[in-house]
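The values are calculated or read from the model by the stated rules, or taken from the named source; none is laboratory data. Note that this is a predicted model, so its numbers are computed, not measured. With ideal geometry, Cβ positions are generated from the backbone for all residues, glycine too; neighbour counts draw on all protein chains shown.
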């Protein structure tokens, strides 16, 4: 799951040795849950309170992101997030930055598929000042025309440098393949030409429509006096008004990377001759985050490509020496789940990497899964869970991701018992149900000539996409 919302700096009293982590986690480990309340205007507050350290994290998370971009104007949410902190509430960008820096604090503004977030991190005594700055930025941004144009220029410059990195190119192509026909198909940026059509009025309209109390949650993490701080929240946010926005989601498919009918398993090659190493990606759409198979699939993914001795690493890295690293993962948005495998190799070895990876997936789907490796994967997941949630900030960050997906307030505490209960049979059934290899999408970025030669030798079909077609001003 994506998790961009809070900086993690809080110690939450988790000190488990490697030898006892799994046992202690399974029997005793339990994460804190927030105190939740809803203000009269509909704004929710999640209180993750702790006196352990004299620090605080504040974040306003809004349940609108890149999927909510207007039709024909992808990039609106990203441009809004970039410009949000460039002047607000009568303070210039320099004023805001000075106010933050003199406190030794930090801040951010970001957006992704499903959500936008603005956050502050600093010392607990400064929490009232940080809250005031958060309110200015989120409720009263100025969106000055010159700031909009400056941020637009920065984003276009980053887009134009996309071809410099193979990982960027293959990620862009793979997103188009896996998210095709969904509300996430556009991503945050379709083209420079479309992005240039976005005016200041579009940015202002996006903020006005989506930044509403009933579409938001305020995260308060760390050391504050709840009664005093709640009174300050009411003074700053109590008069904020607005309903949940009406959604006008647009399904999108990029014709440049759309899979061709009758060509399953065809590799999309992005030709970039200057790249000495090829970036390789394989994947397919999967179930949503709230699917009951999520826990068996987490175990399957772990034994396939998440830890050092997983199947992909043992064969492709250790035995064959084709890569320094290969890994697999499930990634979730609210209305889309995807599975992916990523690796990098010599351009001349792409065909072998793709072929061997598919062989490993076929063996897994055939049910060739042992009790021992399932138990190893479960121990890995259960033992690592406390370490991945060892600060109050990391707990809050994971929790708000579940809030965005409509999960219950205690869903994080389901992980350990549900992974513990996963059986070999459950893993086999979930893999058979989910791993549809005929729907596999594959993309590679690198030296097209060498890559295509290796694919021919492996008997794998392909089609080439020029870099200009993928990232040009369409």
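Looking only at residues of segment 414-460 that are surrounded by fewer than 21 Cβ atoms within 10 Å (Cβ to Cβ) and touching a strand residue (DSSP E or B) at 6+ places or on another chain (Cβ under 7 Å), we find that the one that is nearest to residue 369 (Cα to Cα) is 434. Go through the residues of segment 148-162 one by one and say whether even a single one is assigned to a loop (DSSP other than H, G, I, E, B) and out of contact with any helix residue (DSSP H, G or I) (no Cβ under 9 Å at 6 or more places or on another chain). No, because not a single residue in segment 148-162 is assigned to a loop (DSSP other than H, G, I, E, B) and out of contact with any helix residue (DSSP H, G or I) (no Cβ under 9 Å at 6 or more places or on another chain).
The condition of being surrounded by 15 or more Cβ atoms within 10 Å (Cβ to Cβ), at pLDDT 95 or above and not in a helix (DSSP H, G or I) holds for residue 110.
Of the residues examined, residue 342 is not one that is buried (at least 23 other Cβ atoms within 10 Å of the Cβ), part of a strand (DSSP E or B), modelled with pLDDT of 95 or more and in contact with a helix residue (DSSP H, G or I) (Cβ under 9 Å, 6 or more places away or on another chain). Beta carbons closer than 6 Å, at least 6 apart along the sequence or on distinct chains, pair a first residue in segment 394-412 that is farther than 22 Å from residue 110 by Cα with a second that is assigned to a loop (DSSP other than H, G, I, E, B) for 409/33; 410/33; 412/31.
Taking the criterion of being surrounded by 19 or more Cβ atoms within 10 Å (Cβ to Cβ) and part of a loop (DSSP other than H, G, I, E, B), the residues of segment 295-322 that qualify are 306, 310, 322. A residue that is crowded, with 18+ Cβ neighbours inside 10 Å and assigned to a loop (DSSP other than H, G, I, E, B) occurs nowhere in segment 130-140.
Among the residues in segment 216-225, are any part of a helix (DSSP H, G or I), at negative phi and either out of contact with any helix residue (DSSP H, G or I) (no Cβ under 9 Å at 6 or more places or on another chain) or in contact (Cβ under 8 Å) with a residue 60 or more places away in the chain (or both)?
First, the residues of segment 216-225 that are part of a helix (DSSP H, G or I): none.
No, that holds for no residue.
Residues that are buried (at least 19 other Cβ atoms within 10 Å of the Cβ) and in contact with a strand residue (DSSP E or B) (Cβ under 7 Å, 6 or more places away or on another chain): does segment 327-335 have at least one?
Here is the first cut: in segment 327-335, the ones buried (at least 19 other Cβ atoms within 10 Å of the Cβ) are 328, 330, 332-334.
With the extra rule that they be in contact with a strand residue (DSSP E or B) (Cβ under 7 Å, 6 or more places away or on another chain), the set shrinks to 328, 330.
Yes: segment 327-335 contains one or more residues that are buried (at least 19 other Cβ atoms within 10 Å of the Cβ) and in contact with a strand residue (DSSP E or B) (Cβ under 7 Å, 6 or more places away or on another chain).
In segment 371-432, counting only helices (runs of 4 or more DSSP H) that sit wholly within it, the ones holding 2 or more residues that are under 16 Å from residue 307 (Cβ atoms) span 371-388. Take segment 194-247 and flag every residue that is crowded, with 17+ Cβ neighbours inside 10 Å and modelled with pLDDT under 95. Those that are crowded, with 17+ Cβ neighbours inside 10 Å and modelled with pLDDT under 95: 194, 195.
Taken together, the residues in segment 51-84 that are part of a loop (DSSP other than H, G, I, E, B) and either surrounded by fewer than 19 Cβ atoms within 10 Å (Cβ to Cβ) or out of contact with any helix residue (DSSP H, G or I) (no Cβ under 7 Å at 6 or more places or on another chain) (or both) amount to 7.
Does residue 273 meet the test of being surrounded by fewer than 19 Cβ atoms within 10 Å (Cβ to Cβ) and out of contact with any strand residue (DSSP E or B) (no Cβ under 6 Å at 6 or more places or on another chain)?
Working: surrounded by fewer than 19 Cβ atoms within 10 Å (Cβ to Cβ): yes; out of contact with any strand residue (DSSP E or B) (no Cβ under 6 Å at 6 or more places or on another chain): yes.
In short, yes.
Based on what the data block shows, is residue 353 over 21 Å from the mean Cα position of the chain (by Cα), under 20 Å from residue 460 (Cβ atoms) and surrounded by 23 or more Cβ atoms within 10 Å (Cβ to Cβ)? Considered against the rule, which asks whether it is over 21 Å from the mean Cα position of the chain (by Cα), under 20 Å from residue 460 (Cβ atoms) and surrounded by 23 or more Cβ atoms within 10 Å (Cβ to Cβ), residue 353 comes out as yes. If residue 139 passes every condition in (1) modelled with pLDDT of 95 or more; (2) within 23 Å of residue 196 (Cα to Cα) but one, which one does it miss? Single failed check for residue 139: (2).
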